[in-house]
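First comes the structure, then the notes that go with it.
The values are calculated or read from the model by the stated rules, or taken from the named source; none is laboratory data. All values derive from a computational prediction rather than experimental measurement. Virtual Cβ from ideal backbone geometry, glycine too; neighbours counted across all protein chains shown. Only protein heavy atoms, including side chains, enter the accessible area calculation; ligands, DNA and RNA are left aside. Shrake-Rupley method; radii C 1.70, N 1.55, O 1.52, S 1.80 Å.
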Amino acid sequence: MAEQTLYEKAGGGEAIEKVVDYFYEELVLKDPTVNQFFENTDMTKQKRHQSKFISYALGGPNQYSGNSMAKAHEGMNLQPEHFNAIAKHLHDALAHFGVSERDIDEALTRVTALRDDILYK
């Protein structure tokens, strides 16, 4: 039997949507370190894109068709403290929904691989 993907371990698409809702509503949008980046953002659209992206990053189906990471963050001039805050919030959101530390570490390793495409743009 094939090993489950992180996407499957996390509970699939519906569970990822709950993680993304919690990630934004309870963590990101309440954090003054990063919430200003979302002041003029259509959060329904943002959550939809983020759910697809996280699903793909966790080994789920590739439904993400948004901009490249570099293009999506162009003009934002994100700094390491912004990236680190978002990574911590993703960690906390996944942990809140019972994802194991080992699986969270693997997911964050995948996200961290995109760091150079996100920072200083």
**OP:** Please build a GNM for the chain, connecting alpha carbons under 10 Å apart, and tell me which residue among Leu94, Leu58, Leu78 fluctuates the most.
**Re:** Leu78
Original post:
Which distance in Å, rounded to a whole number, links the C-alpha centroids of region 70-121 and region 1-48?
Top reply: 11 Å
Original post:
Could you give the dipole magnitude of the chain about its Cα centre, charging the beta-carbon of Lys and Arg +1 and that of Asp and Glu -1, in debye to the nearest 20?
Top reply: 280 debye
Subject >> Coil-residue GluC sites (Glu not before Pro) of region 25-107, DSSP, other Cβ within 10 Å capped at 15 >> reply: Glu39, Glu74
Original post:
Which percent of the accessible heavy-atom area of region 3-89 goes to carbon and sulfur, probe 1.4 angstrom?
Top reply: 45 percent
Subject >> Cα shape, region 20-117, gyration tensor, a/c 1.5 rule >> reply: rounded
Subject >> Projected label distance in nm at Thr112 and Gln36, using a 7 Å step from Cα toward the beta-carbon >> reply: 2.7 nm
Original post:
What FRET efficiency, computed as 1/(1 + (r/R0)^6) with R0 = 30 Å and r the Cβ-Cβ distance, is obtained for Glu8 and Glu81, rounded to the nearest 0.05?
Top reply: 0.35
**OP:** Give the relative contact order (percent, whole number) for the chain; include only Cα pairs under 8 Å separated by 6+ residues.
**Re:** 33 percent
Original post:
In square angstrom, what is the accessible area per residue of the chain with a 1.4 angstrom probe?
Top reply: 59 Å²
Original post:
In degrees, nearest 10, range 0 to 90: what is the angle between the Cα axis of helix 12-22 and the longest Cα principal axis of the chain?
Top reply: 40 degrees
Original post:
So which residue, out of Asp21, Asp105, Asp42, gets the largest mean-square fluctuation from a GNM of the chain using Cα contacts under 10 Å as springs?
Top reply: Asp42
Original post:
Listed here are the pairs Lys71/Lys121; Lys18/Lys71; Lys18/Lys121; Lys18/Lys52; Lys45/Lys121; which of them are more than 18 Å apart at the Cα?
Top reply: Lys18/Lys71; Lys18/Lys121; Lys45/Lys121
